[in-house]
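What follows is a short report on a single structure.
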Amino acid sequence: MLELKEVDVFYGDAQALWEISFQVEKGEIVTLLGSNGAGKTTTLRTISGILLSRKGTIHFNGTRIDHLPPYEIVLKGVAHVPEGRRLFPNMTVFETLIIGAYIPQAWERRVETLQWVFSLFPILEERKHQLAGTLSGGEQQMLTIGRGLMAQPKFLMLDEPSLGLAPIIVEKIFTTIQDINRHGVTVLLIEQNANIALQIAHRGYVLETGRISLTGVASELLKNDHVKKAYLGLYEGVE
């Protein structure tokens, strides 16, 4: 569904990604692991057209998209839920969700999609007339994901959805990500909590200093010594 081939990305003269190549198959949850500054967010921003690559190609459903502006990539079926939520605090929950359905095909089905989002996050229906800026952190994250879903994406990119949230909310968010995937949406996930990310993902890639250093089935990566030491806080012989 998504394929990156030898993608290089720069911020000015500073190179951030080196020959990044990976793919995501339709129906998968794939996670990108890596420490802060490894290039995970840069990768998502490049896929969504916010950053331009200097080298390499990005294809989505067989169509090259690395030369397209962000709104055309959304029209192709790609939605990007950014790190940090990025909500308009003075807009209501309802208004925030509705603006997520701005593309024509999503606008036509906005009522149906809105009900689906409310079924995933019932608290948003209860808070639909409340200002986004007055929601709790967990509710804001649910709203951000809901806004992305209102575009009716085929492919959803999530950047650190559990950041700063209480464990019980994190569990709810990740259960919902699995529900979204079962609904037919392919997911590319960046997540600081590598353990929970690998538990719900089908496959994973490890990014280190802008390069893919490791890839594998998620269950195998959970057992990998390097992943344990670097991202799971576990050491050989210690559980």
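Each value in this text was obtained by applying a stated rule to the coordinates, not by laboratory testing. What you see is a predicted model; the values in this text were computed from it and never measured. Neighbour counts run over all protein chains shown; Cβ positions are idealised from the backbone, glycine included.
Quick rundown of the values:
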{"quantity": "Phi-based couplings in Hz for the stretch 56-71 (Karplus 6.51, -1.76, 1.60; Gly and Pro marked x)", "calculated": "x, 9, 10, 10, 10, 6, x, 10, 6, 10, 5, 9, 8, x, x, 5"}
{"quantity": "Residues with amide H under 5 Å from that of Gly216, placed H, sequence gap 5 or more", "calculated": "Gly204"}
{"quantity": "Cβ-based exposure ranking for Tyr205, Tyr11, Tyr102, in which fewest neighbours within 10 Å come first", "calculated": "Tyr11, Tyr102, Tyr205"}
{"quantity": "Most positive-pole-ward Cα, Ile98, Phe60, Ser213, against dipole of the chain from beta carbon charges", "calculated": "Ile98"}
{"quantity": "Among 186-198, 69-81, 36-48, 128-140, the order from most to least packed when residues are scored by Cβ within 10 Å on average", "calculated": "186-198, 36-48, 69-81, 128-140"}
{"quantity": "Value of [θ]222 nm, deg cm²/dmol, for the chain, DSSP H segments ≥ 4, -39500 (n - 2.57) each, nearest 500", "calculated": "-10000 deg cm²/dmol"}
{"quantity": "Cα gyration tensor, the chain - rounded (a/c under 1.5), prolate or oblate", "calculated": "oblate"}
{"quantity": "For the stretch 83-187: rounded, prolate or oblate by the Cα gyration tensor [a/c cutoff 1.5]", "calculated": "oblate"}
{"quantity": "Fraction of beta bridges assigned by DSSP in the chain that are antiparallel (%, nearest 5)", "calculated": "55"}
{"quantity": "Neighbour-count order for Asp8, Asp66, fewest beta carbons within 10 angstrom listed first", "calculated": "Asp8, Asp66"}
{"quantity": "Sorted peptide list for 172-182, 148-158, 107-117, criterion being average Cβ within 10 angstrom, highest first", "calculated": "148-158, 172-182, 107-117"}
{"quantity": "Under-5 Å amide H pairs with Ile65, H placed in peptide plane, nonlocal only", "calculated": "Ile58, His59, Phe60"}
{"quantity": "Cβ-based exposure ranking for Leu214, Leu33, in which fewest neighbours within 10 Å come first", "calculated": "Leu214, Leu33"}
